[in-house]
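Each remark here refers to the structure printed beneath this line.
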């Protein structure tokens, strides 16, 4: 009777291993709210598996970045108690709001942290923090979504109005114009990033650059 042979994961060809990793990561869901996501266990199993899985993880996931904007909070705006909510709104705008542990994970991923499918979920600035750490990955109260999909070193950009978009109910025209201008700026930034030599996807620096567009300086 022939002795049985124990096959380890690393004994399989890389193509088969990568397929296994891809299926395992997909089983944990492909859409991830970046500010507060749980790291897949596979990316922490061992150094070798981490090196294999991180590029797959970043390439095949849809990362959601919730970004606040103060476009609809005019300077001098106050709440019922007289607090300056305009200043608070601007301070909370244009940021990604990562928890430190998430920021460290992305930093440690190094060159593997290349984002190829990104959704910017644009929210009123004073609501963005609650949305980031809420139960819904993409909330129904969004102003708009900006989807960036990298395919063959080119970016496909889609802008979708959210249910809370002011254009749906004749809301603030001034704020709407500012939001439209911000989207135009994002379009220009994306084209600039895409033209970068050797472009394969977005870096964390790119994500911060895009997010900052939504902090409006009313001058």
**Study point:** Angle between the chain longest axis and helix 173-194 axis [Cα atoms, degrees, rounded to 10]
**Key:** 30
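Assuming R0 = 22 Å, can you tell me the calculated FRET efficiency for the pair residue 20 and residue 111, based on Cβ-Cβ distance, to the nearest 0.05?
Details: r = 23 Å, r/R0 = 1.04.
Step by step, r from the Cβ atoms, then E = 0.45.
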**Study point:** Antiparallel DSSP beta bridges within the chain, as percent of all bridges there, nearest 5
**Key:** 60
Review point. With each label point set 7 Å from Cα along the Cα-Cβ vector, what nm distance links residue 129 and residue 8?
Key: 4.8
Exercise for review: Return the calculated 222 nm mean residue ellipticity for the chain, to the nearest 500 deg cm²/dmol, obtained by summing -39500 (n - 2.57) across DSSP H runs with n ≥ 4 and dividing by the residue count.
Suggested key: -11500 deg cm²/dmol
Check your understanding: What is the helix-to-structure angle for 100-109, meaning the angle in degrees between its Cα long axis and the longest Cα principal axis of the chain, kept from 0 to 90 and rounded to the nearest 10?
Key -> 50
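Test of understanding: ordering 106, 16 by Cβ neighbours within 10 Å, fewest first, what list do you get? List each step's numbers first, then the result.
Working: 106 18, 16 11.
Ascending Cβ contact count within 10 Å gives the list 16, 106.
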Study note, to complete from the structure: The simple spin-label model distance between residue 78 and residue 192, using points 7 Å out along Cα→Cβ, in nm, is 3.8
Practice item. Could you check the simple spin-label distance between residue 41 and residue 184, using points 7 Å along Cα→Cβ, in nm with one decimal? Key: 5.1
**Study point:** For region 81-128 and region 50-71, distance of Cα centres in Å
**Key:** 12
Revision key, fill the gap. For the chain, averaging the sequence separation of alpha carbon pairs under 8 Å that lie six or more residues apart and dividing by its residue count, the contact order in percent is 21
Point to revise | Principal-axis tilt of helix 47-60 within the chain, Cα atoms, nearest 10 degrees | key: 50
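No value in this document is a laboratory result; all are computed from the given coordinates. Since the model is a prediction, treat every value here as computed from it, not as a measurement. Ideal geometry is used to build each Cβ from the backbone, glycine not excepted, and the neighbour counts take in all protein chains shown.
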